[in-house]
1. For the stretch 173-224, which residues satisfy the criterion of being over 30 Å from residue 119 (Cβ atoms) and either of a type outside the set (Lys, Arg) or in contact (Cβ under 8 Å) with a residue 40 or more places away in the chain (or both)?
2. When you go through 165, 184 one by one, which is the residue that is hydrophobic (A, V, I, L, M, F, W, C), loosely packed, with under 15 Cβ neighbours inside 10 Å and farther than 23 Å from residue 85 by Cβ?
3. What are the pairs, 6+ residues apart or on separate chains, where a residue within the stretch 98-110 that is within 13 Å of residue 164 (Cα to Cα) has its Cβ under 7 Å from a residue that is surrounded by fewer than 18 Cβ atoms within 10 Å (Cβ to Cβ)?
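Nothing in this text is a laboratory measurement; each read-out follows from the coordinates by a stated rule. Worth saying up front: this structure is predicted, and the values here are computed from it rather than measured. All Cβ positions, even for glycine, are placed from backbone atoms using ideal geometry, and neighbour counts span all protein chains on display.
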Amino acid sequence: MTDQNTDDTDTTVIPAAGGTPAADATGATGGTHPMKPSRKRLVAAAVAVVLVLAGMGGVALWRHRQAEEREALELTQARDRCAKTADARRLAQNDWQALVDGDAAAMAKTDKASVKDTGTLDKLRGELDAKTPTAAACTGDTASRVDAKTRRVGQETAWYRRHTASLTKAVKAVETSILDKTVADGQALLASSEGKVADEATRSTLRQAVDKRDADAIRQATGKVQASMKAKQEADEAAARAKAEAEAAAAAAAAQAQAQAQAHRSSGTTTRRTTGQSGTRRQSGTTGSNRTYTQPNNNGSGSSSTGNSSNSGTSSGGSSSDSGQLPWYLQTDPNSPYSCAAYHARGEGCPIG
């Protein structure tokens, strides 16, 4: 019985380049039927391809996951940056709002008469009228979009900081203008009150406050100077009234004394002239008799004078002469109490015609 070799060695002949069969082990070229590749090699090649494809897919998946993680990290970092910028904006906005509601609002109520430069008030009110920016939110699904919002928030922060600085400057300008006006008013009061205060020390205190530009001290000293001026004015007016009253009383006393002296002189003169005076009236007629008449003196009383009247002619007419007739200067002097005008003024008949 013949032994057979069962060698499993792969005897597949791979054709040479150009399609010419390669020689076998005996040196003969291949026959008309080429040898097929073995199953093991095909399986190995397929497995290799699968492994390569699986490796490539894994790498792509890994890379995709790495990209997602990187993007998520970048988004988180962008949001953190935006949040910090928003915090800075909030602080800047709070500072600006506190100034708007506080010192700026108080200074804006200042009357224009209280400042030396009214333009400072106009600038302050213009700052308060500035339009605030609309707040941006830190939103976005990508880091780039969130970063864009961060830039907007930063611009808003800069706006609040810039306007806080300009508003603070405007407030200080109004305060300075108020002080300038206070100092100027103090200087004007010093000039106008010279020689018009009851206490000169009040003006010295005001001058010191003006030199120091101390607004509170100037206001206090101003009140004292004004009170001193009022006291001086009232004292001067009282002294003027007292002087006028004294002068009027002196003038009245002098006039009364003069009137009394004149009356005394007039009374003495009349008494001397009328004392012992008598007159005899002679009338023409057939009979004669004594006639008595009364002559008034200064006090309205009369003094009797008896005179002999004898007729030197007929009773029907004739000329008469009175030896007791008053002197001519007493009859014609309008100020004399014996003139006809004086008698008529007293409602009496004139005895001398």
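1. Going through the stretch 173-224, the residues over 30 Å from residue 119 (Cβ atoms) turn out to be 193-205, 208, 224.
Matches in the stretch 173-224: 193, 194, 195, 197, 198, 199, 200, 201, 202, 204, 205, 208.
2. Numbers: 165 fails: farther than 23 Å from residue 85 by Cβ.
Residue meeting the stated conditions: 184.
3. 99/168; 100/128; 104/128
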